[in-house]
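The values are calculated or read from the model by the stated rules, or taken from the named source; none is laboratory data. Predicted, not measured: the structure shown is a model, and the values here were computed from it. Cβ atoms come from the backbone with ideal geometry, glycine included; neighbour counts cover every protein chain shown.
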Amino acid sequence: MRILTVLFILNICTLCVAKEIVLKGQFLKGRVPDKVAITLFYGTISGKGDFDVLVKNGHFELKGILSHPCLALVKATGAPQEFGVWLDDGTIDATFEIYNHPLADNRPYLATISSTGTVDTEFYTQLYNHLKLLSQKDKLTAAAIEKELQKDIEPHIEKYPSSYLSLMLVNRFMDERSLGEAWGKKYMSYLDQNLFNSEPGKDLLRKIKRDATNQVGFKMADFELPDTTGKPVSLKDIHSTYTLLDFWSSWCGPCRAENKLLTTIYTKYKSKGLEIVSISMDQTKTPWINAIHKDGLTWLQLCDFNAWNGVVAKQVNLTSIPYNILLDKDKKIVGVDLKDGELEKLLDKLLSN
């Protein structure tokens, strides 16, 4: 899902002095993997950023010199989705579980039950556990989930304006149309200005500039991706009055929930000139195909299995899912990230004649 993905992958770090770090992990219940893969983003432990760590009797440990606080993705054998742990100096004790996600075909997911360490480390885990709880409620839209998480993150940003986690949160949540650009600018103003001299701060400023590319009125550049049979499909070959580019993944709970809404919308507007093109962030074919069949998706499905490094994901600066872009017959953008009835309302207006 949108929030899942960015909380995992945002590249945040500090410029502070390297300190010793010890990450102690424990699997308390459910399936226990034989090893975990740990990837650091914009940070290293003793000069390395990727680790395969054996799990013995339900425990694993990673220690060394942390270059600076950063996000670590922990992936367990047999669970397709990583889980983020915020690394800071000192010792972090994290407890994990592998559970079956009810909105993603009950596939096994890795989650952190709790973590102890710095304020930022503990807050990150609390925030994600809240997200996990909200994402299991299939009646909640992505926008509604974002609004709930907003209540958690705003006090943290206000209380810790010099924290690089606060910078990450502003970076992440200013993407959401449910909060809006005004929200992002407001909470950017809370941040210590020295943060913007760091690489992650510069990334945020560059991101604001990049987001201008997906604006209403701009023409979408052509692209080519394979469909479910491997056949290449180009955007220019799709001829319809309006085309909805829908970005999703089989492992994204809110995406799967929104597939139900898209099915209704497609049935209602297909005869009036709407075509949907779904572009998946899946990295393997089987879960993608299974989700298409289970959700009853009858429109065009594309995927290059490169996830966030895919051609189109990079073209639109995709940072989170679900996400969509509505194009007219000339492939000009008429709507971006339409949520909570906005898509249907706009289509009603555009196709009323």
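Would a scan of the range 224-238 turn up a residue that is within 19 Å of Y323 (Cβ to Cβ), of a type in the set (S, T, N, Q) and in contact (Cβ under 8 Å) with a residue 24 or more places away in the chain? Looking through the range 224-238, none of the residues is within 19 Å of Y323 (Cβ to Cβ), of a type in the set (S, T, N, Q) and in contact (Cβ under 8 Å) with a residue 24 or more places away in the chain.
For W248, the criteria (1) surrounded by 23 or more Cβ atoms within 10 Å (Cβ to Cβ); (2) aromatic (F, W, Y); (3) farther than 24 Å from F83 by Cα hold in every case but one, which is (3).
Scanning the range 274-284 for residues that are surrounded by fewer than 20 Cβ atoms within 10 Å (Cβ to Cβ) and either in contact with an Asp or Glu (Cβ under 8 Å, 6 or more places away or on another chain) or modelled with pLDDT of 95 or more (or both) yields a single hit, E275. For the range 38-73, the set of residues classified as acidic (D, E) and under 17 Å from G84 (Cβ atoms) consists of D50 only. The residue of the range 285-330 that is modelled with the lowest pLDDT, among those that are under 14 Å from the mean Cα position of the chain (by Cα) and among the small types (G, A, S), is S320. Scanning the range 219-240 for residues that are farther than 30 Å from F83 by Cα and surrounded by fewer than 14 Cβ atoms within 10 Å (Cβ to Cβ) turns up K219, A221, D222, T229, G230, K231, P232, S234, K236, D237, H239.
Restricting attention to the range 127-135, does a residue exist that is in a loop (DSSP other than H, G, I, E, B), at pLDDT 75 or above and either not basic (K, R) or not assigned by TED's automatic domain parsing to the domain that holds G43 (or both)? Give the derivation first.
Step one: list which residues in the range 127-135 are in a loop (DSSP other than H, G, I, E, B), which gives none.
There is no residue in the range 127-135 that is in a loop (DSSP other than H, G, I, E, B), at pLDDT 75 or above and either not basic (K, R) or not assigned by TED's automatic domain parsing to the domain that holds G43 (or both).
When restricted to residues that are closer than 19 Å to I238 by Cβ and basic (K, R), the range 305-353 contains 3.
State yes or no: is T14 among the hydroxyl-bearing types (S, T, Y), more than 19 Å from the chain's Cα centre (by Cα) and at pLDDT 65 or above? Against the criterion (among the hydroxyl-bearing types (S, T, Y), more than 19 Å from the chain's Cα centre (by Cα) and at pLDDT 65 or above), T14 does not qualify. If the condition is being surrounded by fewer than 20 Cβ atoms within 10 Å (Cβ to Cβ) and either modelled with pLDDT under 75 or in the same structural domain as E342 (by TED's automatic domain parsing) (or both), then the range 176-198 contributes R177, S178, G180, E181. May I ask you to verify whether D304 is assigned by TED's automatic domain parsing to the domain that holds S234 and within 16 Å of G230 (Cα to Cα)? For D304, the condition - assigned by TED's automatic domain parsing to the domain that holds S234 and within 16 Å of G230 (Cα to Cα) - is met.
With the requirement that a residue be among the aliphatic types (A, V, I, L, M) and either closer than 21 Å to I321 by Cβ or buried (at least 20 other Cβ atoms within 10 Å of the Cβ) (or both), what does the range 118-148 give you?
L127, L131, L133, L134, L140, A142, A143, A144, I145
The set of residues in the range 285-336 that are under 13 Å from A221 (Cα atoms) and either of a type in the set (A, V, I, L, M, F, W, C) or assigned to a helix (DSSP H, G or I) (or both) comprises V311, V312, A313, K314, Q315, V316, I325, L327, I333. When residues in the range 45-87 are screened for being assigned to a loop (DSSP other than H, G, I, E, B) and modelled with pLDDT of 85 or more, 6 of them pass.
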